[in-house]
Amino acid sequence: YETPLQEQLEYLPCDEIFEIESSSLKLLKILGGGHFGDVHYGLLSINGQQLPVAVKTPKSISSERIRRMNVIEQEEEQTRQRKILRDELKIMSYLPTNLNVVKLLGAITTSKDDFCVVVEYCEYGGIDGFLRSVHKNNKFINEMLSKVDSEGYLVNQKSQIKENQQAGLQISFIGQENSSWSAHFATRREKGFVTTSDLLWFALQIARAMAFLTENKVLHRDVALRNVLLKSDFTIRVADFGLSRRAADDGQYVQQRNIAIPFRYVAPESLRSGRFSVQSEIWSFGVVLWELFTFALHQPYIDIEECESSTIDGILIYLDSGKRLPTPDCMPKSIASMMSMLWCEDPVRRPTFKCSQKTLREELFLSN
Ligand code: ADE
């Protein structure tokens, strides 16, 4: 039994409590155009305060396409783009708040021209861009310290772990994982490079966001580092629910239409069947881990010679032969072996998000 999800979305309310006045919102500059809409930086006035926000608007139609459309077609396309954003809004307003999922602050849905979704602003933007920008510094420091040490760790890892253990002791005492961890990591945020612990901390937060989403029956389906945003306190937010659909009651989602899918991140069984599940989200999380520890320098599979990586079939042939993405140099062994489990061909043998969190936590605090 499977409910078509497009239909389920029709029954999800678009909660009015998020409706804001157009006059309280100022768009200041464009941050980027995504596959499913454009994102602007703006200010939202709340109680006389100006809050920095990110504002998502329906994807604009290119001037070239507009020229080929009549007025009715333009109207239809704009309605279609608004619906895509409204679906994303529905999923966001349905979800309870979670520290690692981008927070919905408001929306304008009653005016066609101002239609938008307002979310919290993440100062460092996409974590992929952030990692690419620190990579040079990291490389330089590693070369000075004669590269990665024998266990494959990055910069000064040993002293880092001691600090983490001390922080960890404090954490178990206070029992407030989030606030003490972010405070702990925030103290080193301006250092211009990242350590293995930072990467593990990012990974742990992503796993937490994913556990939260799947517990709430939301399949993100587009988990990739470019959709993970970084705040200046080194906490992360999973964003971009453009592809998300609420899972039907059996936890599966079947792709309804032939829409573009981020195939380098998608589990092989989903590429074949169009079926998405918690287990296929776990596969994608594995690809995200790989991206984290390669500093998002390259797209997955693109550098592998024996993989024809520009097509779905090419990647499926590579994966079917039992091969996987290569282990990044600086990835700790326990994480590398977990990553390979996340890519088990048999979906049910893949570890859960909870189990992945445990492995990441152990590596973060207990290894030496
Ligand atoms: N790019 C996309 N969404 C963003 C956000 N919420 N904050 C900063 N940059 C973004």
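Since every read-out is calculated from the coordinates, none of them should be taken as a lab result. All figures in this text were calculated on a predicted structure; none of them were measured in a lab. Virtual Cβ from ideal backbone geometry, glycine too; neighbours counted across all protein chains shown.
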- Interchain or sequence-distant (5+) residues whose placed amide H lies within less than 5 Å of the amide H of residue 51 are 44, 45, 46
- Message: Using amide H atoms built in the peptide plane, which far-off residues or other-chain residues are under 5 Å from residue 107 H to H?
- Response: 19, 20, 118
- Note on the structure: Neighbour-count ranking for 135, 220, 40 (other C-beta within 10 angstrom, fewest to most) reads 135, 40, 220
- Query: What does the charge add up to near residue 64, with Lys and Arg as +1, Asp and Glu as -1, over the other residues with Cβ less than 15 Å from its Cβ?
  - Reply: +2
- Message: Counting only other residues whose beta carbon sits under 10 Å from that of residue 317, what net charge do I get with K and R as +1, D and E as -1?
- Response: -3
- Quick one: which residues, 5 or more positions from residue 31 or on another chain, have an amide H under 5 Å from its amide H? H modelled 1.01 Å from N in the peptide plane, none for Pro or chain starts. 39, 40, 41
- Item | Neighbour-count order for 363, 16, 77, fewest beta carbons within 10 angstrom listed first | 16, 77, 363
- A chain fully extended from residue 321 to residue 103 at 0.36 nm per residue, minus the present Cα-Cα distance, gains in nm 74.4 nm
- Item | Pairwise label distance in nanometres, residue 312 with residue 260, each label 7 Å out on the Cα-Cβ vector | 1.5 nm
- Task: Beyond 24 Å between alpha-carbons counts as too far, so tell me which of 29/103; 56/358; 83/354 fall in that bin.
- Result: 56/358; 83/354
- Query: Looking at the square roots a ≥ b ≥ c of the eigenvalues of the Cα gyration tensor of the stretch 36-127, which shape do they give, rounded for a/c under 1.5, prolate if a/b is larger than b/c, or oblate?
  - Reply: prolate
